[in-house]
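First up is the structure itself, then whatever we jot down about it.
The values are calculated or read from the model by the stated rules, or taken from the named source; none is laboratory data. Because the structure is a prediction, the values reported are computed rather than measured. Backbone-built Cβ (ideal geometry, glycine too); neighbour counts: all protein chains shown. Each accessible area value is taken on the protein alone, full model and side chains, heavy atoms only, with ligands, DNA and RNA left out. Shrake-Rupley method; radii C 1.70, N 1.55, O 1.52, S 1.80 Å.
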Amino acid sequence: MSETRKSVSEALLLWFYRNRGWLKKTATALLLISGLAAYFLSGLQEKLTLDFFVEHLERLQDFTRAHPVKSGLLYFAFLTLVTAFNVPAVAVITITSGAIFPVWQAGLYSSLGPTLGGLLPYWAARYTFRDSFSRIAGTRAQTLEGAFRKNALLYMMVLRLLPIMPVWLVNIIAGLLNVRLKTYVIGTAIGGLPCTLVWVILGDGIGQTLKDGQSITPSALLEPKIVAALTGLSLLALGAAFFRHFRGRRIG
């Protein structure tokens, strides 16, 4: 009997060893999918909206004033998890933080949270799915990786500056193109900071507008802080587009 158990155990260990590659990919994919599944099945997609936060803004502000440290840690942990599982709500949550925290505090949490949380999809793409990506893309993958590697930090910063680029997509791109961890972290922290501050200032403006008794209407959006934030977003996108254009001309 003991010999049979030993043989079965050895056979299982051998099977796991031989299939460790796709088992690792499957486990990683299931982990990431489970986070998104929990997001949708729990109904959070209906709550992580600006309308929901505006409706409950006063309660959030009261809780923050009563528990400044606890609320900060909870926000940081929540934003980190949202980023880690590629939940498409980082911008909305960052805007909300500007309305409930001081701008400097919201900016700090909203910068560090996505940087830390983004490590999970980045590592998953780099160490689990990059080989599959290279096989599917063929020589194009090598070309992209080589071109990206020459100015990886600069490219990472430009991608983070683009407000229209989803956070989760940039994390995956960095991993698939084998960007070094140090470059990824620095590019994310520095490149994402301007856009993060713009979202935070936008939230601060919305909070001030509601505090003054106004509703969020097209006329209310003319509040100076909100206009400055929206202008900042436009300039970030425009600057990144010009950079890509002139960079392409130099290479050509």
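General remarks:
- Qualifying residue in the range 193-211 (condition: open to solvent by 40 Å² or more (accessible area, probe 1.4 Å) and modelled with pLDDT under 80): yes
- Checklist (1) crowded, with 18+ Cβ neighbours inside 10 Å; (2) in contact (Cβ under 8 Å) with a residue 60 or more places away in the chain applied to residue 103, failing item: (1)
- Some residue of the range 30-46 being at pLDDT below 70, more than 22 Å from residue 165 (Cα to Cα), assigned to a helix (DSSP H, G or I) and within 23 Å of the chain's Cα centre (by Cα): yes
- Residue within the range 176-190 that is small (Gly, Ala, Ser), at pLDDT below 85 and surrounded by 19 or more Cβ atoms within 10 Å (Cβ to Cβ) present: no
- Residues located in the range 75-96, provided they are surrounded by fewer than 21 Cβ atoms within 10 Å (Cβ to Cβ) and either assigned to a helix (DSSP H, G or I) or of a type in the set (S, T, N, Q) (or both): 76, 77, 78, 80, 81, 91, 92
Per-residue answers, yes or no, for (1) at pLDDT 80 or above; (2) surrounded by 18 or more Cβ atoms within 10 Å (Cβ to Cβ); (3) in a loop (DSSP other than H, G, I, E, B):
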{"site": "98", "(1), (2), (3)": "yes, yes, no"}
{"site": "107", "(1), (2), (3)": "yes, yes, no"}
{"site": "112", "(1), (2), (3)": "yes, no, no"}
{"site": "125", "(1), (2), (3)": "yes, yes, no"}
{"site": "130", "(1), (2), (3)": "no, no, no"}
{"site": "142", "(1), (2), (3)": "no, no, no"}
{"site": "146", "(1), (2), (3)": "no, no, no"}
{"site": "149", "(1), (2), (3)": "no, no, no"}
{"site": "157", "(1), (2), (3)": "yes, yes, no"}
